[in-house]
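> Supplied in structure tokens, the structure appears directly below.
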Amino acid sequence: MEYFFYGRDRQGIGGLRWELAEEHWSFMDRYAGSIIARGPTLVTSSDLEMTGSVHIVDLPDAHSAELFAYQEPYYQAGVFKEVLIRRWNNSLQRTMWDFVGAGGRRFLVIGHGVTGSTLRRSELRQRQIEYSAESGFSEGLIVCGPLLSDDGTEWMGTALVAELADRSVVESMMANGPYAEDSLYERVEIHDWRFGGRPTT
């Protein structure tokens, strides 16, 4: 089962993230073969100030997902004010390391679905895929997939990370197309984001 996690930072945590970085990376090393995407969200793409952490991970079950979220060192130390946990499905069947980028800005996008939209979303899914391809947005998708209810039966929205020219392109992608035209999203979050993990140098 694939799970999407987004931990939102508390304000005023100062250097606590950096103090815990090695402990965090060591914890994530235990999941190295299961991580689909990971990385921090940022105030701006040119700023190192972080606002949260994204992890998309393939795990055995809901209990494993809770352990991953709540035993993680940043959560344990109070870096996060909250953690969003959702079942997720890897629509592109790849990890972020499989993506060959062209050097654009990278973003996390979370589209929070309107309750009760599962059937309508299913009816529009193929049209949404065609829209993304025809508009060129699909080429910038790093990983993408639906957010799902705990039992995997209900559509709860969309979570993706993408490399696109700038924020206005991301906004256009999410403001147009079949899902947007049918008002399937209650709200959409767009965060600057970058690849995460222990530095290699």
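> So which of Ala175, Ala159 ends up being over 22 Å from Ile36 (Cα atoms) and either surrounded by fewer than 17 Cβ atoms within 10 Å (Cβ to Cβ) or touching a strand residue (DSSP E or B) at 6+ places or on another chain (Cβ under 6 Å) (or both)?
Going through Ala175, Ala159 in turn, the sole match is Ala175.
> For the structure I just gave you, tell me whether Val109 is closer than 19 Å to Tyr3 by Cα and either of a type outside the set (Ser, Thr, Tyr) or in a strand (DSSP E or B) (or both).
yes
> Filter the stretch 1-12 for residues that are in a loop (DSSP other than H, G, I, E, B) and touching a strand residue (DSSP E or B) at 6+ places or on another chain (Cβ under 9 Å); which is least open to solvent (accessible area, probe 1.4 Å)?
If we take residues in the stretch 1-12 being in a loop (DSSP other than H, G, I, E, B) and touching a strand residue (DSSP E or B) at 6+ places or on another chain (Cβ under 9 Å), then Met1 is least open to solvent (accessible area, probe 1.4 Å).
> Also, I was wondering about something else. Looking at the stretch 56-65, which of the residues that are surrounded by 14 or more Cβ atoms within 10 Å (Cβ to Cβ) and without any contact (Cβ under 8 Å) to a residue 60 or more places away in the chain is farthest from Ser34 (Cα to Cα)?
Ser64
> Now a separate question. Has the stretch 137-149 got at least one residue that is under 30 Å from Ala62 (Cβ atoms), touching a strand residue (DSSP E or B) at 6+ places or on another chain (Cβ under 7 Å) and β-branched (Val, Ile, Thr)?
Yes, the stretch 137-149 contains at least one residue that is under 30 Å from Ala62 (Cβ atoms), touching a strand residue (DSSP E or B) at 6+ places or on another chain (Cβ under 7 Å) and β-branched (Val, Ile, Thr).
> Please state which of the following conditions Leu124 fails to meet, knowing it meets all the rest: (1) open to solvent by 20 Å² or more (accessible area, probe 1.4 Å); (2) more than 29 Å from Thr44 (Cβ to Cβ); (3) touching a Pro at 6+ places or on another chain (Cβ under 8 Å).
Every condition holds for Leu124 apart from (1).
> Of everything in the stretch 13-54 that's among the hydroxyl-bearing types (Ser, Thr, Tyr) and part of a loop (DSSP other than H, G, I, E, B), which residue is most open to solvent (accessible area, probe 1.4 Å)?
If we take residues in the stretch 13-54 being among the hydroxyl-bearing types (Ser, Thr, Tyr) and part of a loop (DSSP other than H, G, I, E, B), then Ser46 is most open to solvent (accessible area, probe 1.4 Å).
> Suppose we filter Arg87, Arg187 for residues that are assigned to a strand (DSSP E or B), farther than 28 Å from His24 by Cβ and under 16 Å from the mean Cα position of the chain (by Cα); which single one remains?
Arg187
> Look through Val188, Val161 and report the one residue that is more than 19 Å from Thr115 (Cα to Cα) and of a type in the set (Val, Ile, Thr).
Val161
The values are calculated or read from the model by the stated rules, or taken from the named source; none is laboratory data. Note that the coordinates shown come from a computational prediction; the quantities given were computed from them, not determined experimentally. Cβ sites come from the backbone with ideal geometry, for glycine too, and all protein chains shown count toward neighbours. These accessible areas exclude ligands, DNA and RNA; they are computed on the full protein's heavy atoms, side chains included. Shrake-Rupley method; radii C 1.70, N 1.55, O 1.52, S 1.80 Å.
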